[in-house]
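Working notes for the structure below.
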């Protein structure tokens, strides 16, 4: 399922326009190599990638995007893995985006986890991809957003975004999801505190994993009392707390995963019926337009300043207090406008 | 010390250019009302504020900026308050910037805390200001950065930035500090977990406040073992853990604060001698140039799109998948260039 990097780099097409259409068509046909290539180009900030994205965009907005987050060791990968199987049983087409902000390369811990998921490797309707920051303009969050579009255009019904940790970068990443699942395990008393620091607000469903362990009842009570603290208007979604038993207790475990699966779909229905999904999609469109404005208008200016050494020059002038950022940027703006007037 | 909002708004000057110079001069003379007005204009994103900042910038880069963060209830305000007194005893000029990202207005919890600090109210060399997000372009972090410049230009030797919580926004804010103090209290076992989530990396000094309480030794051990985990090259600063006794145990308490004060100055010396301070200032200059590029070049474009209703139009087209952000932004870019060519 993971493509060979060198091979596909060698095959990268030369002619632009036509290739965008062709690559976009392949992706819409569900071609895994085409999708992988575009995602990689986005990670690497290859400018041409945007051209293909244009052709993909009209075919997006259909998939249900599910975020899975929680402390390291909480068993997120197991839950993700089981959800993939459960959704496949329902004939859903599934994609998994495993995101690691800390790692400069795809791989590492996530790749290790993914080995366990090889049981899906033979299934053409399951697409698993690791994602790391690298050079992506708009950062990791931007790359995740675009990758979701690609998987969406491939015709995936469910896109699962799994994060490694629970930091702020993860919150940004998980914001691309329509339904956010926070996975906890009993016996890590500190979890709740970590949750309070940002994740609590975005959780739609809580999972207490390995619920055969001691401390499950306490954790559940703590969660419920935290949820009680939140003001709850009628018609609002109250995040359910779902227990998932030891994976070795096959019967209960499978039943728990089925419940989780059902709850995810119920949340999706809730988003649709309350038109909250529309609001989420609108918010995403706004963020995306801002990001593209930044990368398309500001990006080339900064790139040129850096290439000519002018950026270093500006930094040095600011450091020595020979000038200030406001005056320097005004000069940049004037020079930019002059260059545009001279051009064409 | 807190200025009257209405009164100073009434007095706002009309003529531009000259007023920038005049306002900047007043600020450099340490005029509290002039500084307050400029900080408020920055919060409110008044475009003219930049004109004054230009005149201030050459007079900045001298102050030692100290960040104070930690969980709510850890006693950050008390520590800040005591540090103000301790620095004043050393004849340092001091400013406090109390930052609350969650509050849409200055005030609330922070203002309540600040009432306790009124013992400094009669001291013209102590300047205390609350800061909230409001409309600041570049967000709260941008407003904090500019406010630090203003306090710096006022001739403050020590600028204390105090945050309310320990979320990601607080990490961004605290990144403006040269020396970061994380305040903990024993008996909140979850603290360490919260620290791991981002704050641990930026801490230069740990304070265990209310160290007469049970659990101090355990917390200290946990911190030290976490610090041991960090790779430590020779010559590197190892964050010391400083205990601060119950405020009622006057003798020890005052001694502890003196130790903290000493340690802060030692860290400052370390930054200077290792040239790490220079690196921090360089990083700040780079971030600032990026922020000003964004607000000066992108800001007016977005503002115009919003005023003309074109932005809503773009969002609607993206939502309906009638177009995509890339194509729409290309149109914006072309229109912008055309308008520049036509102008002047």
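Please treat every number below as a calculation from the coordinates, not as lab data. Just so we're clear, the structure is a prediction, and the values are computed from it rather than from any experiment. Here the Cβ is made from the backbone with ideal geometry for all residues, glycine too, and neighbour counts use every protein chain on show.
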What nm distances, shortest first, do you get from the label point of residue A:312 to those in the other copies when the point sits 7 angstrom along Cα to Cβ?
4.8
Give the peptides A:300-309, A:314-323 in descending order of average Cβ contacts within 10 Å, highest first.
A:314-323, A:300-309
Cα-based Rg of the range B:210-344 normalised by 2.2 N^0.38 Å, two decimals
1.92
Could you work out how far apart the two model spin labels at residue B:308 and residue A:59 are, taking each label as a point 7 Å from the Cα in the direction of the beta carbon, and quote it in nm?
3.3
Here the correct list, in nm and shortest first, of distances from residue B:338 to the same site in the other copies, label points 7 Å along Cα→Cβ, is 2.6
Got the residue A:22 label distances to the other copies yet, label 7 Å along Cα→Cβ, in nm, shortest first?
6.9
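Looking only at other chains, what is the average number of their beta-carbon atoms within 10 angstrom of each beta-carbon in A:303-311? If you can, show how the numbers build up before the last one.
Numbers: counts 0, 0, 2, 0, 0, 0, 0, 0, 4.
Mean number of neighbouring Cβ atoms from other chains: 1.
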Going highest first, how would you order B:178-187, B:121-130 by mean Cβ packing within 10 Å?
B:178-187, B:121-130
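Take the Cβ-Cβ distance between residue A:25 and residue A:290 as r, set R0 to 35 Å, and report the resulting FRET efficiency rounded to the nearest 0.05.
On the way: r = 29 Å, r/R0 = 0.83.
Step by step, r from the Cβ atoms, then E = 0.75.
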Averaged over A:293-302, number of beta-carbon atoms from partner chains that fall within 10 Å:
5
With every atom except the alpha carbons ignored, what do you get for Rg and Dmax of the range A:224-300, in angstroms?
19.1, 57
Take the Cα gyration tensor of the range A:286-342, multiply each eigenvalue by 5, square-root it, and list the three semi-axes largest first, rounded to whole angstrom.
23, 15, 11
